[in-house]
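Just so it is clear, none of the values below were taken in a lab; they were calculated from the coordinates. Computed from a prediction, not measured in an experiment: that's the story for all the values here. Neighbour counts are summed over all protein chains in view; Cβ atoms, including those assigned to glycine, are modelled from backbone coordinates with ideal geometry.
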Amino acid sequence: MRITPEMNQFLAGMEYPATRDDLLREANRDGLGAADIALLEDLPEQSYSAGWHIKYRLGARALSGAFTSVEPALA
């Protein structure tokens, strides 16, 4: 997962605290791309205090998926 420049700009311009629904409403209003909106849709429903909080959640989810999708080594 890579945070796009558009997502960075969007998160920097948001007013916080913001819920996932707030983020999605503003992302649609601002015309954020479909892939970025899909990332926001996958966020847990909670209040986010800053853009870094959202980036942390997105990064943690991407890392979690990367480690769980690895096939076990054959012994």
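A few comments on the model shown:
- Largest first, the three principal axis extents of the alpha carbons in region 5-62 are 24, 23, 19 Å in whole numbers.
- Over all other residues within a Cβ to Cβ distance under 13 Å of Ile3, the charged ones net out to +2, with Lys and Arg as +1 and Asp and Glu as -1.
- Each residue of region 15-20 was assigned a 3J(HN,Hα) from its phi angle through the Karplus expression (A = 6.51, B = -1.76, C = 1.60, θ = phi - 60°), giving 8, 10, x, 9, 8, 4 Hz with x at Gly and Pro.
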